[in-house]
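Q: Can you read through this structure? Questions will come right after.
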Amino acid sequence: MLLEIEQLNASYGKALALENVSMRIAPGEFVTVLGPNGAGKSTLLKCISRMMTSSGTLSFEGSSLHGFAAHQVVGRGICHCPEGRRLFPELTVLKNLMLGAYLRDDADAVARDLERVYSLFPILRDRTSQMVSTLSGGQQQMVAIGRALMGAPRLLLLDEPSVGIAHRLKHEIFDAIRQIRDSGVAILMAEQDALSALRIADRAYVLEHGHVAHSGNAEELSRDDHIRQIYLGVA
Ligand code: ATP
C-alpha cells in the first residue's frame, strides 16, 4: 500500500474536524474525497502533508509520517497542491514552478519535469516569464499543480482543483490530472464537483462531518441512487 490511514483524528482547538477516518491508496491509484463544505476534506489533506498534526495511523510506503515536518514529507514523495493555490503572485511562472523543486539536486530530472509540466499545460510555456498575478484563475491553478509536480511526487494531493474556474479551463485541468495519473503518480483529490471527480477517479470516499460516510469504486458510486440524489443533484 502507498498510503494507509487508520482511525485518524484531527481537531482545531477543541473542535474535532476528522473522526476515525480510515482509507488506503495503492501505488498509482486515483482516489477522490467528496463531501459538502466543512466536511473535513482540506483537513484530511493537511494531515497527510503534515501541515497539521493528527492522531491515529498515517503511514506512507510502510513508514509512519508522524514526526515528520511538512518539508520532510515533500522529500519522501508527497506533494500538496493546497486550497487557494498559495502561489507567489509577484514572481514569474517559471520561478513559482521551480519553487516546487527546491529540495531536489537532480538538475537533469528537474529539467525533464519542467518540460513535462509545459507539455501538460502548454499555456504556461508561453507565459513562463510573466508574473503569476497577471494570469487567470484557471492558469494559476495550472501553475499550482505544476509546482506540486516539480517535487516529483509519488502521491499528489489536490485540494479542489476546479473551484472558481471557467468551464473550458476546468475541462483542461481535469484532463491534465488524468494524464498525471496515467503517468503512474497516485492522486488524492478533494473535490466538490462530485460528478466530474467520479468520472475520472478510480475510487471515492465521501466525508460527512469529519467521518467517512460512504466509500467505493467511483463508477459504482456514480450509479448509486443515494449518492446521485445527495451529491450529484440527479434523481
Ligand atoms: P471546504 O470545501 O469548505 O474547504 P472541507 O471539506 O475542506 O470544506 P475543512 O476545511 O477541512 O472542510 O473543515 C472541516 C471543519 O474544520 C469545518 O467545520 C471547519 O469549519 C473547521 N475548520 C477548518 N479550518 C479551520 C481553522 N483554521 N480553524 C478552526 N476551524 C477550522
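Q: Counting only Cα, what are the radius of gyration and maximum Cα-Cα distance Dmax of the chain, in Å?
A: Computed over the Cα atoms of the chain, radius of gyration and Dmax are 17.2, 53 Å.
Q: With every protein chain kept in place and ligands, DNA and RNA left out, what is the accessible area per residue of the stretch 3-230? Probe 1.4 Å, answer in Å². Each step should come with its number before you reach the end.
A: Working: 10390 Å² over 228 residues.
Heavy-atom accessible area per residue stands at 46 Å².
Q: Round to the nearest 10 and report in Å² the accessible area of HIS214, as given by a 1.4 Å probe over the protein chains' heavy atoms.
A: In the full protein context, HIS214 sits at about 50 Å².
Q: Using Cα-only point scatterers and the Debye equation, what is log10 of I(q)/I(0) for the stretch 67-192 at each q in 0.16 Å⁻¹, rounded to two decimals?
A: With no solvent term, the Cα-only Debye profile gives -0.72.
Q: Quick one: how many Å² of ARG127 are accessible to a 1.4 Å probe, rounded to 10?
A: 70
Q: Still on this model: At 1.4 Å probe size, put ILE227, ILE123 in order of accessible surface, largest to smallest.
A: ILE123, ILE227
Q: Of all DSSP beta bridges located in the stretch 3-230, what percent are antiparallel, nearest 5? Don't jump to the answer; show the numbers that get you there.
A: On the way: 21 of 38 bridges.
Counting DSSP beta bridges with both partners in the stretch 3-230, the antiparallel share is about 55 percent.
Q: Moving to a separate point now. Using the beta-carbon distance between THR53 and VAL163 and R0 = 41 Å, what value does 1/(1 + (r/R0)^6) give for FRET efficiency, to the nearest 0.05?
A: Numbers: r = 26 Å, r/R0 = 0.63.
Computed FRET efficiency for THR53 and VAL163: 0.95.
Q: Starting from the residue with the highest accessible area, list ASP225, ASP105 in decreasing order, probe 1.4 Å. Walk me through the numbers on the way to the answer.
A: Details: ASP225 105, ASP105 145 Å².
The most accessible residue leads, giving ASP105, ASP225.
Q: Sticking with this one: Kindly sort VAL74, VAL33 by accessible area of their heavy atoms, largest first, with the probe set to 1.4 Å.
A: On the way: VAL74 45, VAL33 0 Å².
Ranking VAL74, VAL33 by accessible area, largest first, yields VAL74, VAL33.
Q: What is the extension gain from GLN192 to LEU91, computed as 0.36 nm multiplied by their sequence separation minus the C-alpha to C-alpha distance, in nm to one decimal? Intermediate results must be reported in sequence, preceding the final value.
A: Working: separation 101, 0.36 × 101 = 36.36 nm, distance 2.95 nm.
Using 0.36 nm per residue and subtracting the Cα-Cα distance, I get 33.4 nm.
Q: Around THR92, under 13 Å between beta carbons, what's the net of Lys plus Arg minus Asp minus Glu among the other residues?
A: Values: positive: LYS95, ARG125, ARG127, ARG147; negative: GLU90, ASP126.
Local net charge: +2.
Q: How far, in nm, would the chain grow between ALA26 and GLN72 when pulled straight, counting 0.36 nm per residue and subtracting the alpha carbon separation?
A: Numbers: separation 46, 0.36 × 46 = 16.56 nm, distance 2.12 nm.
My answer for the length gained is 14.4 nm.
Q: I've got another one for you. Starting from the eigenvalues of the Cα gyration tensor, five times each then square-rooted, give me the equivalent ellipsoid semi-axes of the stretch 9-105, largest first, whole Å.
A: Values: eigenvalues 122, 62, 38 Å².
That gives 25, 18, 14 Å for the three semi-axes.
Q: Could you give the length gained on full extension between GLU219 and SER133, defined as 0.36 nm per residue of separation minus the Cα-Cα distance, in nm?
A: Working: separation 86, 0.36 × 86 = 30.96 nm, distance 3.79 nm.
Length difference between fully extended and current span is 27.2 nm.
Q: Next up: Per residue of the chain, what 222 nm ellipticity follows from adding -39500 (n - 2.57) for every DSSP H run with n ≥ 4, rounded to the nearest 500? All intermediate terms of the calculation are to be shown ahead of the outcome.
A: Working: 10 runs with 89 residues, N = 235.
Per the formula, -10500 deg cm²/dmol.
Q: Could you give me the radius of gyration and the Dmax of the stretch 152-235, taking only the C-alpha atoms into account and expressing both in angstrom?
A: According to the Cα coordinates of the stretch 152-235, Rg and Dmax are 13.1, 41 Å.
The values are calculated or read from the model by the stated rules, or taken from the named source; none is laboratory data. No experiment lies behind these values; they were computed from the predicted model shown. Cβ atoms come from the backbone with ideal geometry, glycine included; neighbour counts cover every protein chain shown. Side chains included, ligands, DNA and RNA excluded: accessible areas come from the protein's heavy atoms. Shrake-Rupley method; radii C 1.70, N 1.55, O 1.52, S 1.80 Å.
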